[in-house]
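Chemist: Encoded as structure tokens, here's the structure I'll be asking about.
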Amino acid sequence: LGCSCTSCAECDTHQQCSTSMRGLLCLALATTTAFVPPTTRQQLQLHATTPSGIVYEDIEVGEGKTANAGDYVSVIYETRLNGKVIDATGGGEAKVMSTGVQGAGDRPWAQFAVGKGKVIKGWDETVQTMRVGGKRKLTLPAELAYGDEGSPDGVIPPGASVDFTIELTSVDSDSGIIGAVGGTFALLA
């Protein structure tokens with residue numbers, strides 16, 4: 001195996017590692033498929049605008065399961081309005097609730113059934129194009145966020161586009177992922 005580089009990405013046109021077994025395998029996969037060596041996979045960033053108007057950038061492309069309509073997901077998120085973070089800081093009640101999603105710590109989190117209209121439309125659409133482990137920055141136009149009414153708590157004004165960073169932490173076809181908190185907030189049906 002004795003390749004002198006740590007990934008094919010380090011070899012200009014695969015010349016350096018093409019003499020090793022590992023290098024030949026990487027070269028064959030790279031030239032015949034969309035294979036990306038594992039060490040370079042996390043460096044990919046995707047910038048796109050969906051047909052519905054969501055503008056996003058993948059900070060980290062996940063390698064886990066993809067969420068589909070009807071699945072139950074857990075996400076860790078941050079909300080920004082006009083560049084300012086507007087989420088709870090994790091103190092008080094938010095800190096207690098954060099124990100529901102592994103790795104959330106003091107960060108806000110949510111668990112919901114995908115495609116059931118339990119969250120804003122932009123979230124339903126976005127999580128269906130992510131994989132577990134993925135982290136994405138996105139800007140939702142008003143019609144996919146809180147629309148002409150704004151958020152129920154009045155923090156997000158009517159007609160505002162909203163920026164989020166969402167990390168998809170789990171996907172499951174069983175509602176057990178949601179737990180008691182999700183049942184309390186009617187996120188299952």
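None of the figures in this text is laboratory data; all of them are computed from the coordinates on show. What you see is a predicted model; the values in this text were computed from it and never measured. Heads up, the Cβs are rebuilt from the backbone with ideal geometry, glycines too, and the neighbour counts pull from every protein chain shown.
Chemist: What FRET efficiency would be calculated for the residue pair residue 85, residue 116, taking the C-beta separation as r and a Förster radius of 30 Å, to the nearest 0.05?
Modeler: Efficiency, rounded to the nearest 0.05: 0.60.
Chemist: Where Lys and Arg each count +1 and Asp and Glu each count -1, what net charge lies around residue 47 among other residues with Cβ under 9 Å from its Cβ?
Modeler: Summing Lys and Arg as +1 and Asp and Glu as -1 gives -2.
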